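Notes for the one structure printed next.
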Amino acid sequence: MGGLFLRWYEFFARRPLALVAGIVALLGLSAAGAWQLKFSEDVFGLLPHDEPMVAETRLALDRFEGLERVVIVLEGDDVAALARDVDEAETRLRKTQDVSNVVARISEEAQNDIALNYLGKAPLLFDKPLQDAVAARLSRAEFEKRLQDYLDRQAGSQGIAVADTFRDDPFGFNELVLRRFEKLNSGFEGSLVGGRLFSRDQKMAVILVEAAFNASNTGRGREFMPRLEEALSDLPGAPRVHIIGAHRSSADNAAVLRSDLNLTIATSAIGVLLLFLVAFRALTPVFLAFTSAGFGFALALGIQGFGWGDLSAITAGFAGVLMGISVDYAIHLTSSFAGMEGTPDQRARAALRHVAMPSFVAMLTTGVALATLRLSSFDGLHQLSEMGIAGLVGALLFALIVGPQVLRKRPPALRRQGALGKVLGGIEAFRRKLRWPLLAGLAGVTLALAACLPLVGFDGDVTNLDGKSAQTRAAEQHVQQGFGQESLRRTLLVAGGDTLQQALRQNDVVARELVATGARFESVAWVLPAEDTQRENMARWRAFWNEDRIAQLKGEMAAARAQRPDSPEPVRFAEAALEKRFAGFFAGLRLKDDLALLDAQALRKRPVWSLLANYVSEQQGRFYAGSTAHLEPQVLGGLRARLPAVLILNKAAFVSRMVSFIQRDLLLMGGLSLLLVIAVLWLTFGRLREMLIALVPVAGSLVWTLGLMGLLGIPFNIINTLVTVFIAGLGIDYGIFFVQTWRESTSSDEAAKRLRLAGTGVLVAALTTLFGFGTLAMARHPALFSVGITTVLGIVSSLVLTLLVVPTLLEFRKPQ
């Protein structure tokens, strides 16, 4: 392999313009390919596209974007003052930029519309829950309570109205109907006060705000949140304001990410620059390292554009991180160049001979490991595999073809013994002096950390990677306590149909299933069942109110007693007089003629629809009706079996399914990549001993990293799982450079000298990675922190094992 790159070196040394022209041509083609790329920020593009749960989740969220709302909670001790603050906040919010709708209360228009359309319509809504509620009221005690209330209020100014209401509905069936609208509360358990949704203790009131943009638009979200806060400041009653929801979380994440990246990028850039200046005392190595990685990344983007045409922006970001491995090729070349004797041309040739083969093998093993990502269930990892392989190949070719020419033309003024040389010298002396105790100690540490492997956890809850602020987390917890622990954690069920009636009919089936499970749920089925369901409900009403039940009810009513405020005589009704006294009521029970059905199309044009619109959607000629329920994960399997045509989105089940895919991928890809890497190493080295020594850094670092994570209580998650591929790639590269360097030596003295050069390259490469990605351990964002801390643990353990163990194992035999 060294001979091939030497021939290219000689060819381009004679024809430098050809090299420049080739680079420019490749970069031009890459730019043309990258120009064709369509970048997507849709996280679902990373997930298994053929997994039904992923497809269902995506469809459910697409069809009910209206449920993604900003939740504002005002908190205070005075109910009246809090109600006034809600009204004032609503007025201000409607004038706020990017607010498309505000739901602060049931408007007076909507309340009147509910009364107009729903009073006397209990038979149309007479499903099993309403039947049970009605049956629970058919008692003497209930009638006595309502009769007494009627008598007390009749003495007031509303006596006539009260009398009419009581006679037509003495058991409050209309009240049961109207209370069904409280179930359209977006998951917040509470009570209505003047049409406003309050918590049970009436110390919190909810306002729901629909933004004019999706929560994923973090740029507008960062500008939107201050406007909301300004609109809610200085309310007359000075309530405590809590703002939560997807938009708030996205804005928090964006702010934390921006702050973290500014800090870590500045820190890593300064650290890497200082490192290169200390190690090489020149800017040429800096230029060479980063241009090789940049060339590889550009080439990968171009190939992706020509080959596939689309790319997840998230995958591109991870591929950029993965390109951190590719700077190592230029670093090893520069480190080797620094230790060679002779003219710049001679030193470039010698360095190329020294690093070409180990660099190629390292690239091959890392590429093989990346190729196994094509077997992953996650589409995003397929793209990462393609990007990673193309980028590594491009970086290697640039480093080994362009790099020697740059070093020959612009050789850095290198010193023989710099600071890193002294560090390596000290490490070497320490290793030789305490060879056996050091090996025994490191073996003990490895065994101890291996014992900690069962402690490693896996956190599949993606909300734990959310960078929302402590204030937002506290607000969410406070709101959950006030409105119920499950107010922000619901399962979404979406039923569809070619017509609105078909969708409502299917939604009624969903509602019946949810009732059977005993779950609390919000659904349009409570107040707007399909027309066929309304007819079935009327039939159930008639069957329920047979003459025997009516007679029994009359007996309960006749036995009731109440007291007028101005008379000592008790009030009672003779059973024979009940039919006349409550004629309208009993006529409604017998229901000789069908009631006019609730017309969904007509209601869509009325004020009451403002309460129903979030649960009904029309897209591409089809209609959808949604329900949100508080469900335990164990009931979902049965629901899906009984409702095969319904889309069901449950966070816990979704995360569990994705975790199972990740666990499968780790076992499959980890095992397969290990076998392929072993095969490559065997074909390269041909000796079991050398192959095993090359595997020491990667195997040991994985044990150390996982063991330390278990010991420190740092769980694996969807993000830092990918970092293990990065760590494994670096660990195997370090081992290969040392073993291949030792193999090419002809004597122990030459081996020691060349291993010292390889050690310099490994040390600089590892420190570059630590400065580049390990600084993420300083991040406040949980996802970035998990990447940073995992990288630090992995790189430090790989470096320690490479510098302290691999040379000792190699020295047990002389080079051949």
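Identify, please: which residue in region 739-766 is in contact with a Lys or Arg (Cβ under 6 Å, 6 or more places away or on another chain) and in a helix (DSSP H, G or I) and is, among those, modelled with the lowest pLDDT? First the steps, then the outcome.
Within region 739-766, the first condition is being in contact with a Lys or Arg (Cβ under 6 Å, 6 or more places away or on another chain), and the residues that meet it are 741, 745, 748.
Within this subset, residues satisfying the condition of being in a helix (DSSP H, G or I) are 741, 748.
Working: Thr741: 84, Ser748: 79.
Top of the filtered list is Ser748.
Pairs are defined by a Cβ separation below 6 Å, a sequence spacing of at least 6 or placement on different chains, a first member in region 614-631 that is among the small types (Gly, Ala, Ser), and a second member that is surrounded by fewer than 20 Cβ atoms within 10 Å (Cβ to Cβ); the pairs so defined are Ala629/Ala519.
Within region 12-26, how many residues are surrounded by fewer than 12 Cβ atoms within 10 Å (Cβ to Cβ), more than 45 Å from the chain's Cα centre (by Cα) and small (Gly, Ala, Ser)? Result for region 12-26: 1. Looking only at residues of region 774-789 that are buried (at least 24 other Cβ atoms within 10 Å of the Cβ) and touching a Ser or Thr at 6+ places or on another chain (Cβ under 7 Å), we find that the one that is farthest from Pro437 (Cα to Cα) is Leu776. Among all positions in region 447-458, there is at least one residue which is crowded, with 18+ Cβ neighbours inside 10 Å and either out of contact with any Phe, Trp or Tyr (no Cβ under 6 Å at 6 or more places or on another chain) or at pLDDT 80 or above (or both).
Which of the residues belonging to region 508-519 are over 15 Å from Glu536 (Cα atoms) and of a type outside the set (Val, Ile, Thr)?
Across region 508-519, the qualifying residues are Glu513, Leu514, Ala516, Gly518, Ala519.
If I filter region 139-155 for residues that are part of a helix (DSSP H, G or I), modelled with pLDDT of 85 or more and touching an Asp or Glu at 6+ places or on another chain (Cβ under 8 Å), do I get at least one hit? Yes; the residues of region 139-155 include at least one that is part of a helix (DSSP H, G or I), modelled with pLDDT of 85 or more and touching an Asp or Glu at 6+ places or on another chain (Cβ under 8 Å). Among residues of region 326-346 that are more than 30 Å from Ile389 (Cα to Cα), those with a Cβ under 7 angstrom from a residue that is open to solvent by less than 10 Å² (accessible area, probe 1.4 Å), sequence gap 6+ or separate chain, pair up as Met340/Ala351; Pro344/Leu407. Just to be sure before I move on: is Leu514 aliphatic (A, V, I, L, M), part of a loop (DSSP other than H, G, I, E, B) and open to solvent by less than 10 Å² (accessible area, probe 1.4 Å) in the structure I sent? Here the answer is no, as Leu514 does not meet what is asked.
Has region 793-812 got any residue that is of a type in the set (Phe, Trp, Tyr), over 25 Å from the mean Cα position of the chain (by Cα) and open to solvent by 10 Å² or more (accessible area, probe 1.4 Å)?
Yes, that holds for at least one residue.
Residues in region 661-675: is at least one at negative phi and part of a loop (DSSP other than H, G, I, E, B)? Steps first, answer last, please.
Taking region 661-675 first, the residues at negative phi are 661-675.
Right, trim to part of a loop (DSSP other than H, G, I, E, B) and you get none.
No, that holds for no residue.
For region 114-133, a residue qualifies if it is among the small types (Gly, Ala, Ser), more than 13 Å from Ala596 (Cβ to Cβ) and open to solvent by 30 Å² or more (accessible area, probe 1.4 Å), and the qualifying residues are Ala115, Ala133. Take the residues in region 351-376 that are of a type in the set (Gly, Ala, Ser) and open to solvent by 20 Å² or more (accessible area, probe 1.4 Å), then tell me which one is farthest from Leu755 (Cα to Cα). Looking at the filtered set, the residue picked out is Ala371.
The values are calculated or read from the model by the stated rules, or taken from the named source; none is laboratory data. Predicted, not measured: the structure shown is a model, and the values here were computed from it. Every residue, glycine as well, gets a Cβ built from its backbone with ideal geometry; the counts of neighbours run over all protein chains shown. What goes into the accessible areas is simple: the full protein's heavy atoms, side chains included, and nothing from ligands, DNA or RNA. Shrake-Rupley method; radii C 1.70, N 1.55, O 1.52, S 1.80 Å.
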